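Take a look at the structure set out below.
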Amino acid sequence: MGPLLLNSPGESPGVGALRRGTGRGGTLRILIAEDDATLADGLAYSLRDAGYSVDRVTTGIEADAALSTGEFDLLILDLGLPKMGGLEVLKRLRLRGSATPVLILTAADSVSDRVRGLDMGADDYLAKPFALAELAARVRALTRRGHPAAAGATLRHGDLSYDQVGKVAAIKGETLELSARELALLEIFLQRPGRMVSKERIVDLLCQWGDELSTNAVEVYIHRLRRKLEAGGVKITTVRGLGYCMEKVRAA
Ligand code: CA
């Protein structure tokens, strides 16, 4: 395992990069599941300094127990944990229906673990070693995503806006006629702008709402949603063999 770069040269030791805006009320709670004590110490110190509340566990079993009983705003999850691997912890978390954002930490060379982690519902990853500033940016982005109300309940993408509370999507202020499934699908993409979402992951996310769904059905929903979004300059591209990605159409 490589060293953690706590501060890049020239960066002040005050970890200013991690400091988040205040005044939203309520401290965000982060669980760090990492068995490398030096790395976990560094992460915990920095995150606490930035105003987050931090809990730490060192095995997969402890992580699973903490996640089963407590509410966290973010999980920072090492995939190489003793007793129960990080992927298993992640799988169990999602099987319980939890939408807690998960940032996985992987060894630099473990591309397959990274892909599996994202497929199993991780929201982002960092390969070790990483710079603290980069971790800070990911943590901010993920905790924002997990707290849409704090960041504003309306998600925007090009001319498209989506009110997460009222469940209303509009293009340039004109309400779109979308089915509940299409709205759920739209929300999945808007929460992951510019990022690839696999078909299997979409099935998992949509099935949180109840019934079963095939990947073929997902293709049909994507097709319909894609047509309805065209006017808004929002495009859902197919990443062949992998999944889908929502992008803004570049103005000519
Ligand atoms: Ca480890």
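The values are calculated or read from the model by the stated rules, or taken from the named source; none is laboratory data. These numbers come from a predicted model, not from an experiment. Cβ coordinates were reconstructed from backbone atoms using ideal geometry, including for glycine residues, and neighbour counts include every protein chain displayed.
Of the residues Gly21, Gly51, Gly42, the single one that is at pLDDT below 90 and either outside any loop (DSSP other than H, G, I, E, B) or on the phi > 0 side of the Ramachandran plot (or both) is Gly51.
Can you name the residue in the range 50-96 that is among the acidic types (Asp, Glu) and touching a helix residue (DSSP H, G or I) at 6+ places or on another chain (Cβ under 7 Å) and, of all such residues, is surrounded by the most Cβ atoms within 10 Å (Cβ to Cβ)?
Among residues in the range 50-96 that are among the acidic types (Asp, Glu) and touching a helix residue (DSSP H, G or I) at 6+ places or on another chain (Cβ under 7 Å), the one surrounded by the most Cβ atoms within 10 Å (Cβ to Cβ) is Asp78.
Gly194 falls short on exactly one of the conditions (1) at pLDDT 75 or above; (2) in contact with a helix residue (DSSP H, G or I) (Cβ under 7 Å, 6 or more places away or on another chain), and that condition is (2). Residues in the range 69-122 that are in a helix (DSSP H, G or I) and either within 15 Å of the ligand (Cβ to nearest atom) or hydroxyl-bearing (Ser, Thr, Tyr) (or both): Thr69, Gly86, Leu87, Glu88, Val89, Leu90, Ser112, Asp113, Arg114, Gly117. Filtering the range 157-197 to residues that are surrounded by fewer than 18 Cβ atoms within 10 Å (Cβ to Cβ), touching a residue at least 24 places away in the same chain (Cβ under 8 Å) and in a strand (DSSP E or B) leaves only Met196.
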